[in-house]
Amino acid sequence: MIARLKYVSLVVLVFQTTTLVLTMRYSRTLKEDGPRYLASSAVVVAEVMKSTACILLVFKDSSYNLRALNRVLQDEIIKKPMETLKLAIPSGIYTLQNNLLYIALSNLDAATYQVTYQLKIITTAMFSVTMLGKKLSIYQWIALILLMAGVALVQWPADTADSEKKDSPTGSPLVGLLAVLTACVSSGFAGVYFEKILKETKQSIWVRNIQLGCFGTLFGLMAVFIYEGEHVRQHGMLQGFNKITWIVVSLQALGGLVVAVVIKYADNILKGFAASLSIILSTVISYLLLQDFVPTSLFFVGTVFVLVATFLYGYDPRPKGIVMKA
């Protein structure tokens, strides 16, 4: 049963990651009449959907008993204010990260974004070393060097006449790159901080996600009214929402749940395989369907470096016969 859950969760992760990037890219470049949907509003809606789903999962774990659900929420969230407040930091950073991803995909094609975003492996590794005291193996250090080289090749400017003449919906590549790099740093720090909290307490992953979602909704609403207040007053918070937008926010909400399941059941090798497969699928679909991306030889070489680095970082050289006790 656990083995089945492991592979099912990874298949869902590949599907969620690939479709989220592609649909988000499509939704940010689609030309429509009327105002475009606000990225900050989409982030808030996704947080509300994720929190609601987590509450339903806790309700299921409470044997569908409303009193038991209320007791869990009271005991684990309301009566432990300091524990709950610890989640404000990663929640705020995740909210920033989610907004940055919309900016990145408004300015970069899906394939370039997917490959470049793998730099979060480097930032996560660095924060794991400094915050958790982890030690990296020689394979992991080699993987980080390969990863940096691969992303550098992918981001290397193509100086062909075709790329200059191409009429593409891509905005500013520099803005997109800066958004991805900032998202990588925030993802690394928030992920390691969240891992540290999970290891220090015994609370359910779903309860922790409810706490994250509550703070995320609060921070997201602050961003909406601070930066988009005028637009909200004119056209409403859900302006520009259509079927594609609802698919995007649903996939974004699903992502938080899938990652929680993958953390519980999958290992690094399989997560690396999922990330690599998602990169390949995004590249092929971006080229064939969205037609906003023309791969170069440097892109292919860089992508191979990133794929190898992703696998190598999760490689465990210990013999399979050795069983490590928790």
- [ ] Residues being part of a helix (DSSP H, G or I) and under 22 Å from residue 111 (Cα atoms): count how many of those fall in the stretch 7-41.
- [x] 21
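Taking the stretch 12-43 on its own, how many of its residues are among the aliphatic types (A, V, I, L, M), over 18 Å from residue 277 (Cβ atoms) and open to solvent by 10 Å² or more (accessible area, probe 1.4 Å)? Break it down stepwise before answering.
Of the residues in the stretch 12-43, the ones among the aliphatic types (A, V, I, L, M) are 12-14, 20-22, 24, 30, 38-39, 42-43.
With the extra rule that they be over 18 Å from residue 277 (Cβ atoms), the set shrinks to 24, 30, 38-39, 42-43.
Retained after the next criterion (residues that are open to solvent by 10 Å² or more (accessible area, probe 1.4 Å)): 30, 38-39.
So the answer is 3.
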- [ ] Check off (1) closer than 29 Å to residue 110 by Cα; (2) without any contact (Cβ under 8 Å) to a residue 60 or more places away in the chain for residue 239 and give me the number that stays unchecked.
- [x] (2)
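State yes or no: is residue 259 more than 30 Å from residue 136 (Cβ to Cβ), open to solvent by 50 Å² or more (accessible area, probe 1.4 Å) and modelled with pLDDT under 85? Before you say what the answer is, go through the steps one by one.
On the way: more than 30 Å from residue 136 (Cβ to Cβ): no; open to solvent by 50 Å² or more (accessible area, probe 1.4 Å): yes; modelled with pLDDT under 85: yes.
Considered against the rule, which asks whether it is more than 30 Å from residue 136 (Cβ to Cβ), open to solvent by 50 Å² or more (accessible area, probe 1.4 Å) and modelled with pLDDT under 85, residue 259 comes out as no.
Determine which member of the set 174, 144, 198 is of a type in the set (A, V, I, L, M, F, W, C), at pLDDT 85 or above and within 30 Å of residue 42 (Cα to Cα).
Values: 144 fails: within 30 Å of residue 42 (Cα to Cα); 198 fails: at pLDDT 85 or above.
Only one candidate qualifies: 174.
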Open item on the list: Residue pairs, Cβ under 8 Å, 6 or more apart or interchain, first in the stretch 124-143 and within 14 Å of residue 188 (Cβ to Cβ) and free of Cβ contacts under 8 Å to residues at least 60 places away in the same chain, second among the polar types (S, T, N, Q) and surrounded by 13 or more Cβ atoms within 10 Å (Cβ to Cβ). List them.
Closed with: 134/128
Open item on the list: Test of understanding: among 9, 62, which residue is under 27 Å from residue 198 (Cβ atoms), open to solvent by less than 20 Å² (accessible area, probe 1.4 Å), free of Cβ contacts under 8 Å to residues at least 24 places away in the same chain and of a type in the set (S, T, N, Q)?
Closed with: 62
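For the condition closer than 30 Å to residue 25 by Cα, in contact (Cβ under 8 Å) with a residue 40 or more places away in the chain and in contact with a Lys or Arg (Cβ under 6 Å, 6 or more places away or on another chain), what is the one hit in 110, 88? Don't jump to the end; show me each part of the working.
Working: 88 fails: in contact with a Lys or Arg (Cβ under 6 Å, 6 or more places away or on another chain).
Of 110, 88, the one residue that is closer than 30 Å to residue 25 by Cα, in contact (Cβ under 8 Å) with a residue 40 or more places away in the chain and in contact with a Lys or Arg (Cβ under 6 Å, 6 or more places away or on another chain) is 110.
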- [ ] Collect the residues in the stretch 201-224 that are open to solvent by 50 Å² or more (accessible area, probe 1.4 Å) and at pLDDT below 90, keeping them in residue-number order.
- [x] 202
Open item on the list: Whether any residue in the stretch 68-84 is among the polar types (S, T, N, Q), surrounded by 14 or more Cβ atoms within 10 Å (Cβ to Cβ) and not in a loop (DSSP other than H, G, I, E, B) is what I want to check.
Closed with: yes
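Quick one: which residue in 204, 186 is touching a helix residue (DSSP H, G or I) at 6+ places or on another chain (Cβ under 6 Å) and hydroxyl-bearing (Ser, Thr, Tyr)?
On the way: 204 fails: touching a helix residue (DSSP H, G or I) at 6+ places or on another chain (Cβ under 6 Å).
Result: 186 is the single residue among 204, 186 that is touching a helix residue (DSSP H, G or I) at 6+ places or on another chain (Cβ under 6 Å) and hydroxyl-bearing (Ser, Thr, Tyr).
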Open item on the list: Tell me yes or no: at least one residue of the stretch 46-54 is at pLDDT below 90 and open to solvent by 10 Å² or more (accessible area, probe 1.4 Å).
Closed with: no
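The values are calculated or read from the model by the stated rules, or taken from the named source; none is laboratory data. Treat the numbers as computed from the prediction; the structure is a model and nothing was measured. Note that each Cβ is placed from the backbone with ideal geometry, even for glycine, and that neighbours are counted across all protein chains shown. Note: accessible area is taken over every heavy atom of the protein model, side chains too, but ligands, DNA and RNA are not part of it. Shrake-Rupley method; radii C 1.70, N 1.55, O 1.52, S 1.80 Å.
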